[in-house]
Amino acid sequence: MKKYSRSFFNQPTVQVAQELLGQVLAFQDHRGIITETEAYCGFDDPASHAARGETPRTKIMFGKPGYAYVYLIYGMYHCLNFVTEKPGYPATVLIRGIQLLNGSKKHLDGPGKLCRELGITKEHNGSDIVNGCDFQVLETQDKPSFIQTPRIGIKVGLDKFWRFKVS
DNA sequence: ACCCCGATCGTA
DNA sequence: ACGATCGGGGTT
C-alpha cells in the first residue's frame with residue numbers, strides 16, 4: 001500500500017475528509033480502515049477550534065498540512081485530527097471511526113474511544129503524518145459509498161453537512 | 001489564578 | 001435522553 005504524500009492533505013478539507021474513507025490509518029503497530037470523518041474548516045466555521053483565532057492549542061491547525069492535531073476533550077478523552085490545506089489556513093479532519101485490521105476486527109466507533117484504544121494522547125500532537133514514525137495514512141483502491149450529515153456533539157455550524165460515514 | 005464548559009461515553 | 005466527569009484553554 002502506498003503512503004499518501006503531503007500534497008494529499010493540501011487540498012480542500014471536505015474533499016480530504018471524504019477521500020480518507022476506506023483508507024488505512026496506521027499508528028505504531030495498529031492498522032485500521034477509516035470509516036468516519038468530519039471536516040473543520042477555516043476562520044468562519046463556528047464549530048472549529050480555530051474560529052476564534054490562533055492560540056497555543058490551535059497553533060498546529062495553522063501550520064503545514066499532514067500533521068496530527070490531538071487535543072483533550074471533556075477532561076478525559078483525546079481526539080485525533082489531520083491538519084489540511086495551506087499554512088495559515090486553519091483546517092482539520094477529525095477521525096471518528098476505524099475498523100481494526102488486527103485479528104479482533106473491532107470497530108472503534110467514536111473519536112474518544114479510538115484514541116483510548118490505540119493509545120493516542122496529547123504527546124502525539126504535532127506528529128508528522130507523512131514523514132513521521134508513529135502515524136501513516138496508506139492508500140487503498142477503495143472508494144466506499146458514504147452518507148453525509150451534520151457534525152456530532154456541536155451546537156453551532158449545524159447547517160454544514162461535514163460528517164462523512166461509510167454506508 | 002481561576003472559572004466554565006466541551007469536536008464524549010456509557011447507561012437508561 | 002441524560003448525567004458523570006475533569007483537565008486545561010481562554011480570559012481575568
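Which condition number in (1) touching a strand residue (DSSP E or B) at 6+ places or on another chain (Cβ under 7 Å); (2) small (Gly, Ala, Ser); (3) more than 16 Å from DNA strand C (Cβ to nearest atom) is the one that A:Gly103 fails?
Tallying (1) touching a strand residue (DSSP E or B) at 6+ places or on another chain (Cβ under 7 Å); (2) small (Gly, Ala, Ser); (3) more than 16 Å from DNA strand C (Cβ to nearest atom), A:Gly103 fails exactly one: (1).
Quick check on this structure: which one of A:Thr92, A:Thr149, A:Thr140, A:Thr121 is within 12 Å of A:Ile34 (Cα to Cα), of a type in the set (S, T, N, Q) and modelled with pLDDT of 95 or more?
On inspection, the qualifying residue turns out to be A:Thr140.
Could you check, for segment A:24-43, whether at least one of its residues is under 14 Å from the mean Cα position of the chain (by Cα) and not in a strand (DSSP E or B)?
No, the conditions are met nowhere in segment A:24-43.
Limited to segment A:46-105, what total is found for residues that are among the hydrophobic types (A, V, I, L, M, F, W, C), assigned to a strand (DSSP E or B) and touching a residue at least 40 places away in the same chain (Cβ under 8 Å)?
Number of matching residues: 12.
In segment A:142-151, is there at least one residue being hydroxyl-bearing (Ser, Thr, Tyr) and part of a loop (DSSP other than H, G, I, E, B)?
yes
Mind checking whether some residue in segment A:131-147 is over 16 Å from A:Val166 (Cα atoms) and within 16 Å of DNA strand C (Cβ to nearest atom)?
No - not one qualifying residue is present in segment A:131-147.
The rows are residues; the columns are (1) of a type in the set (Lys, Arg); (2) within 9 Å of DNA strand B (Cβ to nearest atom); (3) surrounded by 17 or more Cβ atoms within 10 Å (Cβ to Cβ); (4) more than 12 Å from the chain's Cα centre (by Cα).
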position: A:Glu54; (1), (2), (3), (4): no, no, no, yes
position: A:Ile60; (1), (2), (3), (4): no, no, yes, yes
position: A:Tyr67; (1), (2), (3), (4): no, no, yes, no
position: A:Gly75; (1), (2), (3), (4): no, yes, no, yes
position: A:Gly88; (1), (2), (3), (4): no, no, no, yes
position: A:Gln99; (1), (2), (3), (4): no, no, yes, yes
position: A:Asp109; (1), (2), (3), (4): no, yes, no, yes
position: A:Arg116; (1), (2), (3), (4): yes, yes, no, yes
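Looking only at segment A:26-50, how many residues end up being hydrophobic (A, V, I, L, M, F, W, C) and out of contact with any helix residue (DSSP H, G or I) (no Cβ under 9 Å at 6 or more places or on another chain)?
Selection size over segment A:26-50: 4.
The values are calculated or read from the model by the stated rules, or taken from the named source; none is laboratory data. Not measured: the values here are computed from a predicted model. Cβ atoms come from the backbone with ideal geometry, glycine included; neighbour counts cover every protein chain shown.
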